[in-house]
Amino acid sequence: AVVDVGLERLAVVEDLLMRGLTYNLPNALGVTELQWVSVGKTGGAQRTMTPSARGEFQLPYREVHRLPIYLTTDDFSVGIRTLMASQRIGAPIDTTLVQQATRRVNEAIEDAAINGAGLQVGGYTTPGLLNAPNANTYNFIGAEAWDVVGHTGEEILADVLSMVDVLIADKKYGPYTLYIPTTYDTKLSQDFKANSDKSIRARLAEIANVRIKMADMLPTNTVVMIQNTSDVMDIVVGQTPTVVPWTSLDGFTLYWMVMAIMVPRVRHDIEDNSGIVIGTPS
């Protein structure tokens, strides 16, 4: 049942996994935090007539980052009589409970990727796309939501191109994914112009290096564009959703837990450049 549910409802996290934007963490239960370092650029190349010419002494600036490694879990139980009745008549146990628990774990991981996990350990936080340090922000043209009646495809196109320009200014050159909330999905299916032969979505798809995807956990009137590279966002994978069983002391109740160690990690460089831009009406 866990395998059948799979990546259901994962949009941002699914992209990270499918693109290989992962950091595998062995023995994850024994790791409580992940540390990495950003290193600044130092010095410069020199042009000389002799290889023995001495260059400048270079000592890079280093910035240490830490990410708490937390567990995402949900549990359920079955009484011994239910289990034995199932065995007696040869009927399989209803797997609804494990499917629901897996969905809740998947949704929690996706929510952490978008909104952050809300955990703080030793002063170190667990941000997502919408509260990533140094993330860029962009206000839509006319401070108007995309799904407002009369808001045109040309205006949406201009917003998307402007968001690309924001990322290019931070030296992030793509490829990009634009995540949109559920409320904007229908809007993008409308004509790009009056009596147009293409939809707004089709016109946006013509922009080089930009793909559009719906993420239903995004807040209303909020879109996020990210560069799909590991220096912008990846996911630390210590354990994919797995069922862990145990039994009560009296043996009359059987418990199961769906447990995952999958922690989204947003990143920025030493110059505080971010590959994330958040678009809102204001």
Next item on the list: Find the residue count for the stretch 68-94, including only residues that are open to solvent by less than 60 Å² (accessible area, probe 1.4 Å) and either out of contact with any Pro (no Cβ under 9 Å at 6 or more places or on another chain) or modelled with pLDDT under 85 (or both).
Entry: 13
Notebook entry, point to check: Which helices (runs of 4 or more DSSP H) does the stretch 145-215 wholly contain that include 2 or more residues that are closer than 17 Å to PRO281 by Cβ?
Noted result: 153-169, 182-188
Note to self: Only one of ARG88, ARG104 is in a helix (DSSP H, G or I), in contact with an Asp or Glu (Cβ under 9 Å, 6 or more places away or on another chain) and either among the basic types (Lys, Arg) or farther than 30 Å from VAL160 by Cα (or both). Can you tell me which?
What the structure shows: ARG104
Note to self: Could you list, ordered by first residue, the pairs with Cβ atoms under 9 Å in which the first is in the stretch 267-282 and closer than 26 Å to ALA143 by Cβ and the second is of a type in the set (Asp, Glu) and open to solvent by less than 20 Å² (accessible area, probe 1.4 Å), at least 6 apart or interchain?
What the structure shows: GLY279/ASP159
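Restricting attention to the stretch 223-282, which residues are of a type in the set (S, T, N, Q) and over 25 Å from THR72 (Cα atoms)?
Listed by number, the residues that qualify are GLN227, ASN273, SER274, THR280, SER282.
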Next item on the list: Please state which one of LEU59, LEU67 is in a strand (DSSP E or B) and either in contact with a strand residue (DSSP E or B) (Cβ under 7 Å, 6 or more places away or on another chain) or over 30 Å from THR102 (Cα atoms) (or both).
Entry: LEU67
Margin query: among the acidic types (Asp, Glu), under 16 Å from VAL224 (Cα atoms) and buried (at least 19 other Cβ atoms within 10 Å of the Cβ): is that true of ASP165 in this structure?
Written below: no
Item checked: Residue tally, condition surrounded by 15 or more Cβ atoms within 10 Å (Cβ to Cβ) and without any contact (Cβ under 8 Å) to a residue 60 or more places away in the chain, over the stretch 105-134 -> 4
Notebook entry, point to check: Can we say ASP111 is under 30 Å from LEU71 (Cα atoms) and among the acidic types (Asp, Glu)?
Noted result: yes
Margin query: Which pairs turn up if I take residues in the stretch 57-74 that are of a type in the set (Lys, Arg) and look for partners that are in a strand (DSSP E or B) with beta carbon separation below 8 Å, at least 6 apart in sequence or on another chain?
Written below: ARG62/VAL37; ARG62/SER38; ARG62/VAL39; ARG66/GLU33; ARG66/LEU34; ARG66/GLN35; ARG66/TYR124
Item checked: Residue list for the stretch 133-143, restricted to those being at pLDDT 95 or above and either charged (D, E, K, R) or part of a loop (DSSP other than H, G, I, E, B) (or both) -> ALA135, PHE140
Notebook entry, point to check: In the stretch 118-131, which residues are among the small types (Gly, Ala, Ser) and either modelled with pLDDT of 95 or more or part of a helix (DSSP H, G or I) (or both)?
Noted result: GLY128
Next item on the list: Among the residues of the stretch 208-247, count how many are polar (S, T, N, Q), open to solvent by less than 30 Å² (accessible area, probe 1.4 Å) and in contact with a Phe, Trp or Tyr (Cβ under 8 Å, 6 or more places away or on another chain).
Entry: 2
Notebook entry, point to check: In the stretch 24-34, which residues are open to solvent by less than 100 Å² (accessible area, probe 1.4 Å), out of contact with any Phe, Trp or Tyr (no Cβ under 9 Å at 6 or more places or on another chain) and either outside any loop (DSSP other than H, G, I, E, B) or farther than 30 Å from GLY122 by Cα (or both)?
Noted result: ALA28, GLY30
Checklist line | the stretch 35-56, residues that are within 30 Å of ILE235 (Cβ to Cβ), assigned to a loop (DSSP other than H, G, I, E, B) and open to solvent by 90 Å² or more (accessible area, probe 1.4 Å) | finding: LYS41
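The values are calculated or read from the model by the stated rules, or taken from the named source; none is laboratory data. Since the structure is predicted, the reported quantities are computational estimates derived from the model, not experimental observations. When we count neighbours, we look across all protein chains shown, and the Cβ atoms used for this are built from the backbone with ideal geometry, even at glycine. In case anyone asks, the SASA skips ligands and DNA or RNA and just uses the protein heavy atoms, side chains included. Shrake-Rupley method; radii C 1.70, N 1.55, O 1.52, S 1.80 Å.
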